[in-house]
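Inspection log for the structure reproduced underneath, given as structure tokens.
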There are 2 protein chains.
Amino acid sequence: MIHYPNGKKTKPSIDRKLSASNRGMTLENDLNLTNDYYLQLDIANIHKKPTPVQIVTVDYPTRSAAKITEAYFKVPSTTDYNGVYRGKAIDFEAKECSSKTSFPFHSIHEHQIKHLESVLRHGAIAFVIVRFSKYNETYFVEAHKVIEAYYGVKRSLPYEWFKTEAILIPMGLRPHVDYLKVIDQLYLGGKHETENKKDRK
Amino acid sequence: MIHYPNGKKTKPSIDRKLSASNRGMTLENDLNLTNDYYLQLDIANIHKKPTPVQIVTVDYPTRSAAKITEAYFKVPSTTDYNGVYRGKAIDFEAKECSSKTSFPFHSIHEHQIKHLESVLRHGAIAFVIVRFSKYNETYFVEAHKVIEAYYGVKRSLPYEWFKTEAILIPMGLRPHVDYLKVIDQLYLGGKHETENKKDRK
């Protein structure tokens, strides 16, 4: 029997993560890998913002290592992802949806909608990426369509709505979720000039 | 005597903050207020990114409130501030300098320099804001100048360097640190068209 230095058995700290990886990658992981790919190949510089946390207490057990011992999650006031691509500011939110029939609006905060409206006004390319996990389909939805629907009567967007109003993002190995391809087509007049130079599918 | 609902006397939660406000606002506070001002007047949408934290343990004392009980600060892989202004992606780092004679490069991480190089290549307006606290002077330094100097021989930038190579940012009550004025002049051909419409000094 193996004795671990701290006397504890090793076990995955968060079981949910493990089970998610068994079912297939989460949207967040896919997007992180995709953004890493874009960064490595110098195609774009887009990052996920850190999770906003209210730090209350910090301990300093050693001089070098600060340990946060009390903190709370804060409600995000912006979207999760932003950056720059082909001279344009990029801003988006990503949501995973477990329903087969509709995407509920309560999963987007109202100030995230306000934020999308604001960055649109200032000239960013803004959108929402929605994955229907049950179908393993990932959609690119232009921000103005989400905003319009959000202020409408409905409390959710039917799956069928995405079939007509959104764009299915090509999925692959590298990059996993090639949303910049959609941006090239929708906003930037087709192919990126460096696309043939780079090893990009 | 006033009895507060929770039975506690009100007191500032972090004493360090109080003493800082006595000495004058920190650059971070100034920039947060400035960005709030830009946001409220719909001039720009620029935010500080949350501090990156590695969350290890989360407790759920009640169903609604998650409490983080173990977490660590991570080294940031990007700059602290970004957003969008007049159709341009904005990206910058802000540093306070307590020395009277020079700004030491060790206060900027190498991957932050790499990040600035990357966003410049992709078309962002990128820069570093440096405050010499002792003089209460806040400088706007174009990213390409910081990058060039960083890879040079010197390990710090003399205060005199800022006098010739950087631009002193106008300070005021509202906004506190009007760095967009510098951007208007340097990159966007002068005054913002909405400047006269808005109540902006």
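Just so you know, all these numbers are worked out from the coordinates, no wet-lab data involved. Here the structure is a predicted model, which is why all the values come from computation and not from measurement. So basically every Cβ, Gly included, is an ideal-geometry build from the backbone, and we count neighbours across all protein chains shown.
By the rule of a C-alpha distance below 12 Å, with chain neighbours fewer than 8 residues away ignored, the aspartates and glutamates paired with B:LYS67 are A:GLU70, B:ASP59. Once you reduce the stretch B:82-161 and the stretch A:94-146 to the center of their Cα atoms, the two points are 34 Å from each other.
Pairs with C-alpha atoms separated by more than 27 Å, drawn from the list B:LYS114/B:LYS163; A:LYS95/B:LYS114; A:LYS134/A:LYS154; A:LYS74/B:LYS74; A:LYS114/B:LYS49, are A:LYS95/B:LYS114.
For the stretch A:93-189, take N as its residue count and report Rg(C-alpha) divided by 2.2 N^0.38 Å. Could you put the intermediate results ahead of the total?
On the way: Rg = 13.2 Å, N = 97, 2.2 N^0.38 = 12.5 Å.
In units of the globular-protein estimate, the stretch A:93-189 measures up at 1.05.
Sparse packing (at most 13 other Cβ atoms within 10 Å of the Cβ) combined with a DSSP loop state is found for the following chymotrypsin sites (Phe, Trp or Tyr not before Pro) in the stretch A:92-178: A:TYR135, A:TYR151. Looking at the square roots a ≥ b ≥ c of the eigenvalues of the Cα gyration tensor of the stretch A:132-187, which shape do they give, rounded for a/c under 1.5, prolate if a/b is larger than b/c, or oblate? Oblate. The mean of 1/r over all distinct Cα pairs in the stretch B:15-187, once inverted, gives the Kirkwood hydrodynamic radius of 17.5 Å. Straight Cα distances below 13 angstrom link B:LYS145 to the aspartates and glutamates B:GLU117, B:GLU165, with same-chain residues fewer than 8 positions distant left out.
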